[in-house]
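**Q** Okay, here's the structure, questions in a sec.
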Amino acid sequence: MKKLTMTKKRNLFITLLILPAGTGILLMAMILGQVNIAPSSIVEALFHGTPETVSIILYKLRIPRILMALIIGASLGASGVLYQALLKNPLAEPFTLGISSGAACGAAFAIIMSLSTGFIFAGAFAGSIFVIILVYLLARKFGFSSPALILGGLSLSFIFSSAVLLLFAFSSADQVHKALMWLMGDLSLARYDYLGRSAMALGALLIVTLLYSRHLNILSFGDDFAASHGITRSEILIIFWVASMLAAISVSLAGVIGFIGLITPHAVRVLSGPEHRVLLPVTAVTGGLLLVMADTMGRTIVSPYEIPAGIIMGFFGGIFFLVILLKRGWSG
Amino acid sequence: MPLFSLNNIHAGYGEQVVLHDISLAIQPGEFIGIIGPNGAGKSTLLKLLSRQLSPREGTLKFKGQDVKAIPPYRYAPQVAIVHQKLENLLPFTVEKFVSMGRFPHQRFFNRAKARHGQVVEKALDVMDLDPLREKPITQLSGGEQQRSFIARAVAQAEQVILLDEPVAHLDINHVTQVMDHLVELNRKGTTIITVLHDINLAADYCSRIIAIKDGTIFTDGAPAEIITYQAIESLFDTVCVVHENPITGKPYTYPVPGKYRK
């Protein structure tokens, strides 16, 4: 009986923490912006559609953007959890594995070529899939638990970042600016036209991750341990590709947003413990809210200018990680 | 029918062949200690049985069936292994950790919760882990940790448990605790196959000892039959004396320090 109440207590605590915090963040994201909207008008606009301008700002601009940030933050967070369990490496996430740089390179190419938004999405997606395949080949050579994978990912990251800069050297200033904004993870350029379909794909993938939560628990103890439980190579590959698709679709939609996949799982683990059945959904929700928060800050700090969410995340993520590092030391 | 039968097995890693022409049969209910010098191939033999490694030549049969024909998810519910070291240790509670052993039985939507719960309870009980069930495994002493690892294996497969040096680095109190628990499991019908580097532990606890040297079986039999000073000296290329342990009546081996050798 005691154990039930303990787990339940923890889950209750997490819910009581996230529910008000989440509501607060989402409300602030609707209120704040170039035009601040009073909370009372939000209710009015959401339920009665008056006044029309407010209703349009909310339904056409802010809510799609919030939804986009939520689903992308959730996917990046979940993807980080999956990679960390799979690679047994606390640094594993889409950014450190080079997937974001691959996407950046593909997107930059499409932007420099003045191709349409559809091609930017396709370019980013192709770029990230290309890097994922390279990472997969490294994994086949060294095994999924090898630190060589992160080093390989970082090398790929450098190579593709240089390729982006090389592209810039041959391009006009305004194209470079447009590409730069994309590279910095700017949700104002997010591909809303793909929001519906991508959100469905990402949502489905997130549900799949939950089906594998017990595999992930076992996998995080090591590959031999997993094999002795009868976990097969093909199951490990499925998890790798689910993590990779979550990452690829997210970065293709919103550009390079680092650190969510890295810091969210680490922060959540402190509360939720290592069990993936809890860790995964809580990380997804927290990651989503974190990106909404970063994006809201980016929209308001120097309004009417916008700071891309990727930059905000870079600052806060880096500082957060350093603080944790200094406080707890490096225990892996 | 033997539980395991190995016929002319050769095995190794990459270019290197570690085991040569191994043939043996293991019956249900045995308590087997695998001994031998470092690098002789003890762990490799265990890896064959746990299917971490496939034989390069020869056949390995489990209950009369070639293991190559048994998919991993059918093998895991029947044979469990306690690894010498886990790659990564996470702060799961003892109970959650032991429950992982049920994974191979639950994977195809077979989630008869009550029965799995019972098996886990039994495993915790037999390893005396009930008072520790809520503790994270990362906070346990070496002996308690080892008992949790064994309990997880018990929850996975009651029939056969393989262990790779389960008492290395433990103090004598924890060594006896862990070994006594293995005896208890064996008494209840579990076949135990364990790699041990301590000859005396193997002699005191095991019903059969398989000694490996240079990748082949050196001797194989009951402790009283095979542990003689001649055998141990040539197995380990050293000098030693064998007496009878006054408590257990089993052979007891003393290595002779260099300066006392004549």
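The values are calculated or read from the model by the stated rules, or taken from the named source; none is laboratory data. Source: prediction; values computed, not measured. Every residue, glycine among them, receives a Cβ derived from its backbone with ideal geometry; neighbour counts consider all protein chains shown.
**Q** Please determine, by comparing only the residues of region B:141-162 that are closer than 20 Å to B:Asn186 by Cβ and away from chain A (no Cβ under 14 Å), which one is surrounded by the fewest Cβ atoms within 10 Å (Cβ to Cβ).
**A** B:Gln159
**Q** Further, regarding this structure: Working only within region A:222-270, note down all residues that are touching a Phe, Trp or Tyr at 6+ places or on another chain (Cβ under 8 Å), within 14 Å of chain B (Cβ to nearest Cβ), free of Cβ contacts under 8 Å to residues at least 60 places away in the same chain and not in a loop (DSSP other than H, G, I, E, B).
**A** Correct list: A:Glu235, A:Ile238.
**Q** Where residues in region B:125-140 are of a type in the set (D, E, K, R) and in a loop (DSSP other than H, G, I, E, B), which of them is farthest from the other protein chains (Cβ to nearest Cβ)?
**A** Among residues in region B:125-140 that are of a type in the set (D, E, K, R) and in a loop (DSSP other than H, G, I, E, B), the one farthest from the other protein chains (Cβ to nearest Cβ) is B:Asp128.
**Q** Moving on. Can you find even one residue in region A:217-231 that is at pLDDT 90 or above and within 17 Å of the chain's Cα centre (by Cα)?
**A** There is no residue in region A:217-231 that is at pLDDT 90 or above and within 17 Å of the chain's Cα centre (by Cα).
**Q** A follow-up question, please. Would a scan of region A:210-221 turn up a residue that is away from chain B (no Cβ under 14 Å), in a helix (DSSP H, G or I) and closer than 30 Å to B:Val98 by Cα?
**A** Taking every residue of region A:210-221 in turn, at least one turns out to be away from chain B (no Cβ under 14 Å), in a helix (DSSP H, G or I) and closer than 30 Å to B:Val98 by Cα.
**Q** Would you mind finding the one in B:Ile226, B:Ile209, B:Ile193 that is buried (at least 20 other Cβ atoms within 10 Å of the Cβ), touching a Leu at 6+ places or on another chain (Cβ under 7 Å) and not polar (S, T, N, Q)?
**A** B:Ile193
**Q** For A:Ile319, indicate whether it is assigned to a loop (DSSP other than H, G, I, E, B) and not hydroxyl-bearing (Ser, Thr, Tyr).
**A** So A:Ile319 fails the test.
**Q** Report, by residue number, each residue of region B:224-260 that is in contact with an Asp or Glu (Cβ under 8 Å, 6 or more places away or on another chain) and touching a residue at least 24 places away in the same chain (Cβ under 8 Å).
**A** Within region B:224-260, B:Asn245, B:Thr248, B:Lys250, B:Pro251, B:Tyr252 meet the criteria.
**Q** While we're on this one: In region B:69-93, what residues are in contact with a strand residue (DSSP E or B) (Cβ under 8 Å, 6 or more places away or on another chain) and either within 9 Å of another protein chain (Cβ to nearest Cβ) or modelled with pLDDT of 90 or more (or both)?
**A** Correct list: B:Ile70, B:Tyr75, B:Gln78, B:Val79, B:Ala80, B:Ile81, B:Val82, B:His83, B:Pro91, B:Phe92, B:Thr93.
**Q** Scan (1) of a type in the set (A, V, I, L, M); (2) out of contact with any helix residue (DSSP H, G or I) (no Cβ under 7 Å at 6 or more places or on another chain); (3) within 13 Å of chain A (Cβ to nearest Cβ) for the single condition B:Ala168 breaks and write down its number.
**A** Going through (1) of a type in the set (A, V, I, L, M); (2) out of contact with any helix residue (DSSP H, G or I) (no Cβ under 7 Å at 6 or more places or on another chain); (3) within 13 Å of chain A (Cβ to nearest Cβ) one by one, B:Ala168 breaks only (3).
**Q** B:Phe4 - would you say it is touching a Cys at 6+ places or on another chain (Cβ under 6 Å) and either at pLDDT 95 or above or within 9 Å of chain A (Cβ to nearest Cβ) (or both)?
**A** Criteria not met by B:Phe4.
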